[in-house]
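Q: Pasting a structure below so you can have a look.
Each reported figure results from applying straightforward, stated rules to the coordinates on display, with no laboratory input. Everything quoted here is computed from the prediction, not taken from an experiment. Quick reminder, even Gly has a Cβ in these numbers, built from the backbone with ideal geometry, and neighbours come from all protein chains shown.
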Amino acid sequence: MLENIRLAFQGIWNHKMRSFLTMLGIIIGIAAIITIVSTIKGTNEQIKSNLIGAGTDMVQVQLYNHDYPYDMQYSSAPDGVKVIDEETRKELDKLDGVKETSLYVIRNWAEGVFYGNTAYNSAVMGIDDHYFSVGGYAITAGRNFLTEDFSSFRKVVILDSNAAESLFNGEDPINKTIEIKSEPFVVVGVVDRVKQFTPTINSVEDYYMYSGGTGGNIFMPISSWPVVYRFDEPQCVAVRSNSTDEMTTAGNNVATYLTDHNVSNSEFAYRSQDLLEQAKQLQEMSASTNQQLIWIASISLLVGGIGVMNIMLVSVTERTREIGLKKAIGAKRRRIAWQFLTEAAVLTSLGGLIGVLTGVGMAQIISHVMGTPVAISVTAGMVAVVFSMAIGVIFGMIPAMKASKLNPIEALRRE
């Protein structure tokens, strides 16, 4: 086998231009497939990253009225839905896939938020003492909420960095007072996510899907929520899963538990925000187009295989006397066939390897020029090289069999 490989490389080197032109179809086909697969994989990772965000593995569980989230901002407290107490929250922490849970209430587009005489558009959230841990936040200025803030119903707030910038425009917000529905709240801290995340925005649709509001979040102790809003408002649940792959399981388990134990009205149910399923649906939307592109690129592999068969038939004709001499001194048909099969496999494998490297380079160039993400698939590269070798064996079969069947006497007579 090693001798056959050596002879194959010797033949390729002796006919460099012819060998390169023969490999060109294989190179183009493999490069196109690697480029497409890498771009598709990168796009899928972008979709998943944009939806899941900073990698906190957090899922939101909200109350739904039939098929729509129940909006507490414009609706009264629902009948038949109990407030989630601390004992229930501790039971949620024990569910499969759940690492930690937090209770919160929210007004996504809160009205009546003022600093001085200027109104601002921010989301206002009432949170418990677990929320920053679950959401992956860390204090960057001031302090966190204290136990006394919750027990004494203190009117204090913590801002995220977006809200701090929107409200104070670069000023130090600590110990300054803002108003929420005419009630004064003192800013005691600023938080930001530990893992910063900026979604990739390629279109207006992406902006509205991923960016949302720019006013930021204002956090207050959940015990102080009734000061400006209502008592006995059913909470949402922020669920941190053990891993990204367990987000769906964790969210569904929490939603099912709350629906079974806290809801007695059939019009209402808790549902989890299934980000992994959303990502899967978006990825599948372009799957058919991606498959068509791969099939089109595969046509060049077929063309390359035909080119290999053609050049190997030429090689058999050129080396007729050599084949005749080998058979005359005792070489068996199988050895002659293996020699030509090995040469064809080496030729296409070399083309496949060059194609993989070319495809990786093209994917990186496209990513740089077009601003699209790319993720190199090692598996696709390995499969491509093996597949190109298989093409060499398949299309080299006919020339190899032709060479092995030559009559040694007739071959030695051939000029």
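Q: Which residues among the range 113-129 fall inside the zone where the amide N is under 14 Å from a point 7 Å beyond the Cα of Glu86, along Cα→Cβ?
A: 128-129
Q: Something else about it: Of the listed peptides 143-151, 355-363, 302-310, 264-272, what is their order by residue-averaged count of other C-beta atoms within 10 Å, with the highest listed first?
A: 355-363, 302-310, 264-272, 143-151
Q: I would also like to ask the following. Beta carbons within 10 angstrom, averaged per residue: use that to sort the peptides 154-162, 176-184, highest first.
A: 154-162, 176-184
Q: For His261 and Leu313, calculate 0.36 nm times their separation in residues minus their Cα-Cα distance, and state this gained length in nm to one decimal.
A: Extending this stretch completely gives an extra 11.1 nm.
Q: Taking the mean number of other Cβ atoms within 10 Å as a proxy for protection, how do you rank 31-38, 187-194, 342-349 from highest to lowest?
A: For the peptides 31-38, 187-194, 342-349, the packing ranking is 342-349, 31-38, 187-194.
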